[in-house]
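Here the structure comes first, spelled out in structure tokens, and everything after it is commentary.
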Amino acid sequence: MTESPREDPPINLSAEPPEAPVEAPVSFDTLALDAKLLRAVADSGYTKMTPIQAKAIPIVLDGRDVMGAAQTGTGKTAAFTLPLLQKMLKHENSSASPARHPVRALVLAPTRELADQVANNVKTYAKHSKLRSMVVFGGIDMKPQTAELKTGVEVLIATPGRLLDHIEAKNCNLGQVEYVVLDEADRMLDIGFLPDLQRILSYLPKQRQTLLFSATFSPEIKRLAESYLQDPILVEVARPNATATNVEQRFFSVDNDDKRAVVLKLIRERALTQALVFVNSKLGCARLARSFERDGLRTNALHGDKSQDERLKALEAFKRGEVDVLVCTDVAARGLDIADLPAVFNFDVPFNAEDYVHRIGRTGRAGASGLAVTLVSRDDARLVSDIEKLIKKKIELEPIELDDARPRREPRAERPRRDQDEGDRAVPVQSVLSEPPLSAPARAHAGSARKASSDPFFDQPYEPSAGAAPVWDAKVAATPSSPRSPSPNIKAKRRVAALFGERKVVEQDE
């Protein structure tokens, strides 16, 4: 009997290597957590742990330092909040004395919005306990924060700048801190935050547990972070710097002038109820928001020049569904949890490739699907190449056609110069490029010359009449009886003496 030939499956060279099989989600009940915390988790609607939670929580409970890397939207906040609250439950008390409520856990976040969100999560998980928590960040008055700090808190969430203000004002004592968390650690260890971070860590006890969590960890950041951790354990549940698999990523090649029309087209075609639109500058953020407002969309802007109260109100209005499009800079790119956000638009390609991972991580959270659209112009080739190197995927640029048939302005080198005289003759492009550029007055004179009238009466030069005397001749003005006397509205001159005792006589209008 001959054996039938077996066909081998086709080899896909572009496919990524197969990932490890995904483990079944584990229930929170399997963890050594107090009933108060489990009740708070159940009230939030969570029953199963995400991979980062299942791996990191037991290690944190054992007291080890952790560097946690996971995709955005996978529950990193609960991965460090729940075990820290569990370890601090032994200190909970109902005493009114501030001395019984020292700061035992410090959570540092790079942005005000992220700090406020982490504080809300901590209060949610600790609501059935007697542990106190609060958040401090800049942009608002320090007095209410000072009053609350002096009552005593166990968990303090802060941005580095405002925390240093309170430390210098002696509003808080960090001498009893046992746990330190750096959320979005890659930005916290960036060159802009490193001096403040080093100052803050100098006020903390050397014997402490330190946790670092982020969606991106470069090798340089890892080496830098290890200097602050003691024998850390690296917890990664996905390939480093990987993007969420449930987010549809599209890259469209468009001109800068067409970007807004592309966003409107995709919102209409995809029937998107809400969208985040990221830009690189604060000025461009405000201008684009006004443009979308004129297009009939309920729009708001979120950038660093706005006050903290305005930023929080804009974010809350977007979460409540009162705003269709939120135009923002990278202050909203990290850590913000917006439920059921269908799409994210990169109106500008981010300057930093890591920011791309964080931007698109605002959609497709908690297992939901999402859309991430990046609009690429001809000047963005290097930035797109950096993103390819980071996510280790080949990016294919797609063309997109706009529905409107609006006239498009030709490039300057392709527009022929035309004469407005008879015949409307076109001048070749080469002759236009070879001519020297004209100044603004010369261009205005040239434009007026082309539009000049061809009436022969007005084109002839001026010829004065023979024997005509000037109207404003002094003799005529001084002789009222002259037949060529001036208009009665012109006053005659009279002779008056000069000032300062001089004998000189001058003429003055009456």
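Details
- Residues being surrounded by 11 or more Cβ atoms within 10 Å (Cβ to Cβ) and at pLDDT 60 or above - total across segment 399-423: 2
- With respect to the conditions (1) touching a Leu at 6+ places or on another chain (Cβ under 7 Å); (2) within 27 Å of Asp305 (Cβ to Cβ), Val103 lacks only one, and its number is (2).
- Scanning segment 128-139 for residues that are closer than 30 Å to Leu37 by Cβ, surrounded by fewer than 20 Cβ atoms within 10 Å (Cβ to Cβ) and in contact (Cβ under 8 Å) with a residue 60 or more places away in the chain yields His128, Ser129.
- Only residues that are of a type in the set (Lys, Arg) and surrounded by 16 or more Cβ atoms within 10 Å (Cβ to Cβ) were counted across segment 263-277, and they come to 1.
- For segment 315-340, filtered to residues that are modelled with pLDDT under 85 and hydrophobic (A, V, I, L, M, F, W, C), the residue that is surrounded by the most Cβ atoms within 10 Å (Cβ to Cβ) is Ala333.
- Consider segment 140-176 and keep the residues that are surrounded by fewer than 21 Cβ atoms within 10 Å (Cβ to Cβ) and of a type in the set (Val, Ile, Thr). The one that is farthest from Ala99 (Cα to Cα) is Ile140.
- Total residues in segment 55-91 satisfying the condition of being part of a helix (DSSP H, G or I), small (Gly, Ala, Ser) and touching a Ser or Thr at 6+ places or on another chain (Cβ under 9 Å): the figure is 2.
- Taken together, the residues in segment 219-271 that are in a loop (DSSP other than H, G, I, E, B), modelled with pLDDT of 90 or more and in contact with a Leu (Cβ under 8 Å, 6 or more places away or on another chain) amount to 1.
- Selection status of Ala105, under 19 Å from Ala215 (Cβ atoms) and surrounded by 24 or more Cβ atoms within 10 Å (Cβ to Cβ): no
- Selection within segment 178-196: residues that are surrounded by fewer than 20 Cβ atoms within 10 Å (Cβ to Cβ) and aliphatic (A, V, I, L, M). The member of this set that is farthest from the chain's Cα centre (by Cα) is Leu194.
The values are calculated or read from the model by the stated rules, or taken from the named source; none is laboratory data. Keep in mind that this is a model prediction, so the values were computed, not measured. Reconstructed Cβ throughout: ideal geometry from the backbone, glycine too, with neighbour counts over all protein chains shown.
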